[in-house]
Amino acid sequence: PPAEVYQGLLGVRSITSGLLDRAGRSRTRADLAASAGWLSNLLAITSNNLGDPAAALVWCADAERRSREVRHPELAGWAAMTRSIVAYYQDQPARAADLAAAGRRLVREGTVVHAKLASQQMRALARSGDVAGMRSANRAAGNPLARVPDDAPTTGALSIPPASQPPYTATSLLLVGSFNQAAAIAEELLETVYEPRLLGGSAPPSNYARTLLILALARAGRGDLDGAAAAGQAALDAAHAAWPTMALAGRLDQLLTQRASTSAAKAQYHARYQLALARPSGRIVSSAPHHRGRQ
């Protein structure tokens, strides 16, 4: 669960701060500062998953400070990614696209973060209603994806899935009303990236639930309300209640309600969504760097 992840990361981050205080100008300081920056990026992502964008932005600022300190632009690139995601979920798609574009200028092409930022820019343009810009960005995002090395991480918060399409392609197509294409890509991801047998017994990542919800929204868009409800329920059964996941789940619940479906599947999904909402979120709002003495 995100709250447990946050507490674990915060403990390690606090230890790193203590080591930095004692390191002075020693040779190990740069390594410790870089580690602090990576941990701050993970804390920013987890804060956002807990529904606390303010804390996420503070951790982003800390990661950016470490980036300047150790001259490691990827630290700032991942912070830009989180800043863009925060803006995206706060219904500021134009700002999200600008932040993603600015982040791309910080990092070199061929890195995971550059490819993710290109895809995030595409998704933000789609949400702003810029269909031509989204399709152009989709073509452009394919180039950074092709340049990511084969040994790049494919699991975890700072990774990119081993898919044939850039990340967020299904979401972008969904947002511009290309429901059949969105559903096809989501189904491909579920079969080739997130299929349980491919995970070796590991718990599915949070992106698994979000991909199911993208599939559900695409099905709803083309009129398959029962199929949408079934995919949505599978998503909620698979995931801890991370805030971005619940935002998509809420959108699906609203859409199914607006369509006034009286099906049993729709009623079951609504009940399952309400149950997920009722669970404690474990939200943490008081542990970002400006709340602590030395970070």
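The values are calculated or read from the model by the stated rules, or taken from the named source; none is laboratory data. Bear in mind that the values here come from a model prediction, so they are computed numbers and not experimental data. Every residue, glycine as well, gets a Cβ built from its backbone with ideal geometry; the counts of neighbours run over all protein chains shown. Heavy atoms of the whole protein, side chains included, go into the accessibility calculation; ligands, DNA and RNA do not. Shrake-Rupley method; radii C 1.70, N 1.55, O 1.52, S 1.80 Å.
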Solvent exposure of the chain as accessible area per residue, Å², 1.4 Å probe | 46
Between Ile15 and Ala132, the two model label points (7 Å from Cα along the beta-carbon direction) sit apart by a distance in nm of 5.5
Which of Leu57, Ala79, Thr28 sits farthest toward the positive end of the charge dipole of segment 26-94, with +1 on the Cβ of Lys and Arg and -1 on the Cβ of Asp and Glu?
-> Thr28
Provide Ser128, Ser164, Ser40 ordered by accessible surface of protein heavy atoms (probe 1.4 Å), highest first.
-> Ser164, Ser128, Ser40
Could you give the size of the charge dipole of segment 50-170 about its Cα centre, using +1 on the Cβ of each K and R and -1 on the Cβ of each D and E, expressed in debye and rounded to the nearest 20?
-> 280
Calculated FRET efficiency for the pair Gln90/Glu187, C-beta based, R₀ 22 Å, to 0.05 | 0.15
Dipole of segment 207-267, Cα-centred, from +1 at each Lys and Arg C-beta and -1 at each Asp and Glu C-beta, to the nearest 20 debye?
-> 160
Given a 1.4 Å probe and the protein chains all in place, what does the accessible area of Asp253 round to, in Å² to the nearest 10?
-> 20
So how far apart, in nm, are the two label points at Asp237 and Gln268 if each is 7 Å from Cα heading toward Cβ?
-> 0.7
Sorted by accessible area (1.4 Å probe), largest first, how do His270, His240 line up?
-> His240, His270
Which value, in Å² and to the nearest 10, is the accessible area of Leu158 when all protein chains are kept and the probe is 1.4 Å?
-> 40
From Cα coordinates alone, what are the radius of gyration and Dmax values for segment 225-270 in angstrom?
-> 10.0, 28
Once fully extended, how much extra length lies between Leu275 and Arg108, figured as 0.36 nm per residue of separation less the alpha-carbon to alpha-carbon distance?
-> 55.7 nm
Quick calc, Glu195 & Ser26: beta-carbon distance into FRET formula, R0 41 Å, rounding 0.05, result 0.30
In whole Å, what three semi-axes, largest first, describe the equivalent ellipsoid of segment 75-227 built from its Cα gyration tensor (square root of 5 times each eigenvalue)?
-> 23, 20, 13
Sulfur and carbon atoms: percent of accessible area, the chain [1.4 Å] = 51
Cα-centred dipole magnitude for the chain, charges only on beta-carbon of K, R (+1) and D, E (-1), debye, nearest 20 = 840
Å³ per residue of the Cα convex hull, for segment 44-165?
-> 96
Are there trypsin sites (Lys or Arg not before Pro) in segment 1-46 that DSSP marks as loop and that have at most 13 other Cβ atoms within 10 Å, and which are they?
-> Arg25, Arg27
Can you tell which of Ala267, Pro166, Tyr194 lies farthest toward the positive end of the dipole of the chain, using +1 and -1 charges on the Cβ of basic and acidic side chains (Lys, Arg; Asp, Glu)?
-> Pro166
For mean projected area of the Cα convex hull in nm² the list reads [x] 16.2; [y] 15.3; [z] 13.6; the calculated value is entry [y]
Positive end of the charge dipole of the chain (Lys, Arg +1 and Asp, Glu -1 on Cβ, about the Cα centre): tell me which of Gln90, Ser178, Leu145 has its Cα farthest that way.
-> Gln90
